[in-house]
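Step one of this worksheet: look at the structure below.
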Amino acid sequence: MNANPNVVQRDVPPRTAYALEQAGVHPLLARLLAARGVASAADLDDGLQHLLPPDGLQGSAAAGTLLADAIAAGQRVAIVADYDCDGATACAVALRGLAMLGARPQQLGYVVPDRAVHGYGLTPAIVDLAMQRRPDLLVTVDNGIASHAGVAHARALGLRVLVTDHHLPAAEPATLPEADVIVNPNQGGCGFPSKALAGVGVMFYVLLATRAELRRRGVFDAATQPRLDVLLDLVALGTVADVVKLDANNRRLVAQGLKRVRAGRMQPGVAALYAAAGRDPSKASAFDFGFALGPRINAAGRLADMTLGIECLVTDDPARATDLAQQLDAINRERRVVETGMRDLAQGVLDRLAEHADWPGAVTIFDETFHEGVVGIVAGRVKDRVHRPTFVFARGSDGALKGSGRSIPGFHLRDALDLVAKRHPGVLLRFGGHAMAAGCTLEPASLPQFTQALQAVAAEWLDAAALTRTLRSDGPLAVQWFNPQTVSLLDAQVWGQGFEPPLFCDEVQVRDQRLVAEKHLKLRVMHGGAARDAIWFHRTEPLPERVRLAYRLQLDEWNGQQRVQMVVEAAV
């Protein structure tokens, strides 16, 4: 395996960069945005009027009618949530939004699967659990597109079912579940331009369609209708935490959410999570959502009960929100301990694989001690380290192996599982997911066959170039931009999946290097004639005196002083 990534400098269309700069965009930012496909200053207008209209989302109008009818008739609506941050925020958006649109408290409730007990999605067991609330309508959020048995069970019990999801359906359109309405930008025939909507984004659009239907019925007019944009802090949080592609529409949703958080207009639970994470909401960034708030909510679904996360997001009591956020913070600390132990065991497997001359094109790891709730995180860490599609398995309470996978560009993980299932019927009990993340369930005896089958697909789809990690660099950073103001400018932008944060690449002279915490390389380097601080996390090998570093910028604040630090990603 090639441990050194291939660093490729992004192309910058000079005319586009110049036009952006002439329109008032900071010169450095103009270059960065042009390299990421921003064509004009108009593309940077994140106003709500530029969001894609909901009537382009297939099924949204029918969903609006279904929900408007339920609200008017006083029917009970049960939200069927998922146990990750996208599902939790989607559930909170549904509950808050439907209440704003006129649903009374006694009409609304929710159920969320226990990862270890119920499995994923709208299963018959979850339908039975929801029946305790005597609902008339089930609304799935961030799940349901593959829940054939659960939808059928609900319909047999006389319930209506609205599926809102963003996951990929099965390959054949005929296999869609027989729900009353399905809203999913990735279902066949849907022409909605943004296929990257997160589950919470889909639910937000369903609320927009419901409000439009209520306007049509005369319940509201343009002046009296509720402002659903107050939910955008939750939409932004779930969108970033689910690592969906930040296309133009998603960037607008996230930008609007961040603006509200920075202005102090956020749900009590979001404010409490910021406090628990020790971060300043007035300086809110997408990084906060992805690496501070999101993991704390996800931890509940991984190690405990996602009800904690949902309750934190739906309560209007700041004191209760604070208590729940502190509980989530404690669970997240426990999650880190569990994850560290699993990563150490996984590293042992990687060390044994490294003894062979040829690495497999895909990696599967299983240990009896692994915790089912953390396999996805560990799979992501291993994938980042070896740049191979990776599945990590844990034994579920029913004895079956529950696997979570993470992938690399060029290897569509859900499609790969579909191919394995067709070539080896019976090996996979269940599977689903996206291009870059997927899950599956199999019997323990099937693990060797699954591993061989997945590696066979990898051998067909991935060549040596694809198996070499590639970093896209923005080239050298001019000395004039190496300052706290630049870092603040960059941090204020919306970066994420498909719109990666800036990565610069410069030759430096290493003046000093030492290990901190026995696993991070702390550096003092000369760059542009000035001494700079740098750190390379999880790197222990020393660097030569002269080296090209690919790095990101970070603002380090200590005792009221701000310093710019280089966070190293690779040595070239």
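Arrange the peptides 399-405, 308-314 so that the one whose residues have, on average, the most other Cβ atoms within 10 Å appears first.
Order by mean packing, descending: 308-314, 399-405.
Could you tell me how far the Cα centroid of region 387-410 sits from the Cα centroid of region 368-385, in Å?
Spelled out, the Cα-based centre of one part sits 8 Å from the other.
Testing the spin-label approximation: label points 7 Å from Cα along Cα→Cβ at residue 518 and residue 333. State their distance in nm.
Inter-label distance under the simple model: 2.1 nm.
Name the residues of region 474-494 whose amide N is less than 20 Å from a point 7 angstrom out from the Cα of residue 41 along the C-beta direction?
It comes to 489-490, 492-494, nothing else.
Select from the chain the helices, each a whole stretch of DSSP H, whose alpha-carbon atoms run 24 Å or more along the helix axis and whose Kyte-Doolittle mean is at least -0.5; answer none if there are none.
199-216, 318-354
Assuming R0 = 51 Å, what is the FRET efficiency of residue 530 and residue 466, from their Cβ-Cβ distance, to the nearest 0.05?
0.85
Under a point-charge model restricted to the Cβ atoms of Lys and Arg (+1) and Asp and Glu (-1), what is the dipole moment magnitude of the chain relative to its Cα centre, in debye to the nearest 20?
640 debye
How high is the FRET efficiency between residue 128 and residue 99 when r is their beta carbon distance and R₀ equals 41 Å, given to the nearest 0.05?
Efficiency computed from Cβ-Cβ geometry: 0.95.
Along the charge dipole of region 274-347, which of 287, 297, 347 sits closest to the positive end, that is, farthest toward it, with unit charges on the beta carbon of Lys, Arg, Asp and Glu (+1, +1, -1, -1)?
347
Given the Cα-Cα distance of residue 117 and residue 217 and 0.36 nm per residue of separation, how much length would full extension add, in nm?
31.7 nm
Given region 229-316, what whole percent of its Cα pairs are spread farther than 22 Å?
Result: 18 percent of Cα pairs exceed 22 Å.
Given a cut-off of under 8 Å on Cα pairs at least six residues apart, what relative contact order in percent is computed for region 72-231?
23 percent
Quickly work out the residue 488-to-residue 316 label distance, labels modelled 7 Å from Cα along the C-beta direction, and quote it in nm with one decimal.
That separation, rounded to one decimal, is 3.6 nm.
Could you work out [θ]222 nm for the chain from helices alone, using -39500 (n - 2.57) per DSSP H run of at least four and dividing by all its residues? Round to the nearest 500 deg cm²/dmol.
-12000 deg cm²/dmol
Taking every DSSP beta bridge that has both residues in the chain, what percent is antiparallel when rounded to the nearest 5?
65 percent
Go through 96-109, 235-248 and give me the packing order, highest mean Cβ count within 10 Å leading.
235-248, 96-109
Is there a pair in 402/519; 283/402; 195/259; 245/283; 402/422; 245/402 whose C-alpha atoms are over 28 Å apart, and which pairs would that be?
Where the Cα-Cα span goes over 28 Å, the pairs concerned are 402/519; 283/402.
Pull out the extension gain between residue 353 and residue 563, defined as 0.36 nm times the separation in residues minus the alpha carbon to alpha carbon distance; nm, one decimal.
Once the chain is fully extended between residue 353 and residue 563, it gains 71.5 nm.
Which residue, chosen from 204, 67, 158, occupies the Cα position most advanced towards the positive end of the dipole of the chain, where the dipole is computed from +1 (Lys, Arg) and -1 (Asp, Glu) charges on Cβ about the Cα centre?
Working it through, the farthest residue towards the positive pole turns out to be 204.
What is the distance in Å between the Cα centres of region 12-36 and region 470-509?
Each part's Cα centre sits 14 Å from the other's.
How many nm separate the modelled label positions at residue 507 and residue 423, each set 7 Å beyond the Cα in the direction of the Cβ?
The two pseudo-label positions are separated by 4.6 nm.
With Rg and the Kirkwood Rh both taken from Cα atoms, where does Rg over Rh land for the chain?
Rg/Rh for the chain comes to 0.96.
Beta carbons within 10 angstrom, averaged per residue: use that to sort the peptides 61-68, 221-228, highest first.
Per-residue mean Cβ counts within 10 Å order the peptides as 61-68, 221-228.
What is the set of long-range amide H partners of residue 429 at a cut-off below 5 Å, with H atoms built 1.01 Å from backbone N?
Amide H neighbours of residue 429, under 5 Å, 5+ apart: 441, 442, 443.
Can you find, among 364, 314, 324, the residue farthest towards the positive end of the dipole of region 301-387? Put +1 on the C-beta of Lys and Arg, -1 on that of Asp and Glu.
Projecting each Cα onto the dipole axis, the largest value belongs to 364.
Computed from the coordinates by the stated procedures, all read-outs in this text should not be read as laboratory data. Please read all numbers here as calculations on a predicted model, not as lab measurements. Methodologically, a virtual Cβ is constructed for each residue, glycine included, from the backbone with ideal geometry; neighbour enumeration extends over all protein chains shown.
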